[in-house]
Amino acid sequence: MARFAAALIALLLSLPAAAQYPERPVTMLAGYPPGGLLDIVARLVAEGMKPRFPKGINVVNRPGAAGAVAVAELARSAPDGYTIITTPHSALVIAPQQQDLAYKTPDDYDPVLNLVAYYPMIAVRTDSEYKTIQDLIADARANPGKIRVGSPGEGTSSHLNLEELMYRAGVKMIHVPFQGWAQSSPALLGAHIEALVAQPGELKGQVEGKRMRVLVNFRPQRLPNFADVPTAKELGWDVANGVWYLLLAPKGTPAPVMRYLHDAAKAAIDDPKFAADMANRGIDVDYRPGAALRADLWREYKTHTEILRRVGLLRKQ
């Protein structure tokens with residue numbers, strides 16, 4: 001009874017503030033530097049939300065720890081709707097299982113909605129001896145440890161897709177972590193590595209310029225912009241770990257505020273211009289509301305527990 005009374009009082013206290021929301025500018029955190037894909041998506045979504053936020057939405061970059069610095073700041077913020085975040089789900093289901101953070105599980109924040117999703121791909125130089133992913137896997141099987149594959153960093157979705165592919169195919173390649181595309185692409189073009197894992201928007205220009213060739217896509221279905229590239233699943237390897245960008249609010253944000261944020265963000269991603277921009281970058285608009293999204297995050301969290309344990313990256317409790 002006491003717990004019910006406390007919850008009722010908290011709800012009543014939140015109603016006046018929620019009814020006036022938004023009466024001041026909103027800060028949207030972004031856990032990666034300006035100019036990167038996450039920053040671009042965050043700014044496009046914020047721009048699309050502005051008609052419902054007359055005081056403005058300011059995107060503030062808080063890079064560090066693969067997005068975890070920004071999510072930790074959100075987790076410590078007041079649950080009033082004035083601090084929100086656009087974040088990759090890897091910062092939610094991978095980072096807290098590797099580091100001791102201010103948030104632990106998908107129950108430590110409130111998902112507003114999922115915005116977009118994309119799936120990494122493996123590419124090689126156009127002059128590579130590997131014409132198909134089967135060629136690369138066959139060589140890796142015949143020569144364990146010979147093939148070096150770059151990724152945007154250890155513990156990223158790109159890295160874990162590579163680890164899952166090696167596990168499913170029964171081969172061993174050398175993972176080479178970089179600090180993003182700006183480092184991994186020159187390494188591939190300079191023949192310092194044999195292949196790399198990257199996202200479609202990054203690879204598009206290199207493929208069109210005939211400098212790289214994509215061998216496999218980790219998307220569940222083929223990507224229209226890369227229609228000739230097979231998926232891992234269709235080749236018999238059950239690997240399809242995507243990257244989601246989603247909008248979160250601090251735990252305990254009032255329901256009316258959550259609805260307001262949801263409706264504004266939904267309108268932003270429903271804009272045909274937004275969808276066209278994303279499609280050009282090889283990204284899917286992937287709307288999922290908060291309740292369904294929390295269930296999806298828990299599923300991904302548990303899946304990544306097993307992957308991280310298998311590759312030796314799970315934090316010891």
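Here are the numbers for the structure shown:
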quantity	calculated
Scan of segment 30-45 for residues that are under 11 Å from Pro63 (Cβ atoms), touching an Asp or Glu at 6+ places or on another chain (Cβ under 8 Å) and crowded, with 20+ Cβ neighbours inside 10 Å, ordered by number	Ala30, Tyr32
Scope segment 223-241; condition farther than 22 Å from Thr303 by Cα and more than 19 Å from the chain's Cα centre (by Cα); matching residues	Pro224, Asn225, Phe226, Ala227, Asp228, Val229, Pro230
Residues of segment 165-180 that turn out to be in a loop (DSSP other than H, G, I, E, B) and more than 20 Å from Ile133 (Cβ to Cβ), as a count	3
Residue check for Glu73: open to solvent by 10 Å² or more (accessible area, probe 1.4 Å) and touching a residue at least 40 places away in the same chain (Cβ under 8 Å)	yes
Of all residues in segment 292-317 being more than 16 Å from the chain's Cα centre (by Cα) and in contact (Cβ under 8 Å) with a residue 40 or more places away in the chain, the one that is most open to solvent (accessible area, probe 1.4 Å)	Arg310
Test: Ser158 is modelled with pLDDT under 95 and touching a Pro at 6+ places or on another chain (Cβ under 6 Å)	yes
Counted residues, segment 76-95 - those being out of contact with any strand residue (DSSP E or B) (no Cβ under 6 Å at 6 or more places or on another chain), of a type outside the set (A, V, I, L, M, F, W, C) and open to solvent by less than 10 Å² (accessible area, probe 1.4 Å)	2
Residue match in segment 268-291 (condition: open to solvent by less than 10 Å² (accessible area, probe 1.4 Å), under 11 Å from Val112 (Cβ atoms) and assigned to a helix (DSSP H, G or I))	no
Looking only at segment 98-155, and only at residues there that are of a type in the set (Ser, Thr, Tyr) and buried (at least 23 other Cβ atoms within 10 Å of the Cβ), the one that is nearest to Ala292 (Cα to Cα)	Tyr109
Selection count where residues are crowded, with 20+ Cβ neighbours inside 10 Å and modelled with pLDDT of 95 or more, scope segment 48-70	4
Strands (runs of 3 or more DSSP E) wholly inside segment 181-257 that include at least 3 residues being open to solvent by less than 50 Å² (accessible area, probe 1.4 Å) and farther than 22 Å from Glu163 by Cβ	243-250
Residue match in segment 62-69 (condition: outside any helix (DSSP H, G or I) and of a type outside the set (Gly, Ala, Ser))	yes
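The values are calculated or read from the model by the stated rules, or taken from the named source; none is laboratory data. No experiment lies behind these values; they were computed from the predicted model shown. Note that we place each Cβ from the backbone using ideal geometry, even for glycine, and neighbour counts take in every protein chain shown. Surface areas here come from the heavy atoms of the whole protein model, side chains and all, with no ligands, DNA or RNA. Shrake-Rupley method; radii C 1.70, N 1.55, O 1.52, S 1.80 Å.
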